[in-house]
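All remarks here apply to the structure that follows.
Values quoted throughout were computed directly from the atomic coordinates according to the rules given, and no laboratory measurement underlies them. Treat the numbers as computed from the prediction; the structure is a model and nothing was measured. Cβ atoms come from the backbone with ideal geometry, glycine included; neighbour counts cover every protein chain shown.
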Amino acid sequence: MKTIILDTDFILIPAKYKVDVFSEIDRICDFKYKLAIFYKTLEELANLKGLKRQVKLTKELIKAKGLNILKNDRNCKTVDVAILGYANLGQSIVATQDAALKRSLRAKKIPIITLRQKKYLILVE
């Protein structure tokens, strides 16, 4: 079973673009998976300014979908660092919109799920 790690910017997609990322992930993944976020993601959401409505909706989705919350190393300064460290262990796919993180993931040949045309998701292996 693979773990799909959702980055902070990715988890905001339903509130921002009205795209149901959960049904889209089901559509593009024909294998068993579990969805997860890092605890640091929750911290980042709490610190976002000016997106109160979007953050509230996102937190409700996290709870409703029962996402696994992964612990990150205390020394981990950002979600991106935590994601790269975890994804290097294998059996992970990262769902993100972050261009810098995508470059790092591609360099390590880690599969990525990303939004296209603000309408649908694609899996890039």
Inset, instruction - Between Leu12, Leu57, Leu89, find the one with the highest GNM mean-square fluctuation for the chain; connect C-alpha pairs within less than 10 Å. - result: Leu89
Legend entry - the chain, relative contact order [Cα under 8 Å, separation at least 6], %: 34 percent
Inset, instruction - Sum -39500 (n - 2.57) across every DSSP H segment of at least 4 residues in the chain, then divide by the residue count to get the 222 nm mean residue ellipticity, nearest 500. - result: -12500 deg cm²/dmol
Legend entry - trypsin sites (Lys or Arg not before Pro) within the stretch 63-97: DSSP coil, no more than 11 neighbouring Cβ in 10 Å: Lys71, Arg74, Lys77
Inset, instruction - With θ set to phi - 60°, apply the Karplus curve 6.51 cos²θ - 1.76 cosθ + 1.60 along the stretch 40-54 and write out the HN-Hα couplings as whole Hz, x wherever there is a Gly or Pro. - result: 4, 4, 4, 5, 4, 4, 5, 9, 6, 9, x, 10, 3, 5, 5
Legend entry - Convex hull of the stretch 2-124 built on C-alpha atoms - directionally averaged projected area, nm²: 7.3 nm²
Inset, instruction - Please turn the phi angles of the stretch 23-37 into ³J(HN,Hα) values with the Karplus equation 6.51 cos²θ - 1.76 cosθ + 1.60 (θ = phi - 60°), one per residue in order, whole Hz, x for glycine and proline. - result: 6, 5, 5, 4, 5, 8, 10, 9, 9, 6, 8, 10, 9, 8, 10
Inset, instruction - Find the centroid of the Cα atoms in the stretch 7-46 and in the stretch 67-90, then give the distance between the two in whole Å. - result: 15 Å
Legend entry - Length added when fully stretched, Glu43-Ser23, from 0.36 nm per residue minus Cα-Cα: 4.7 nm
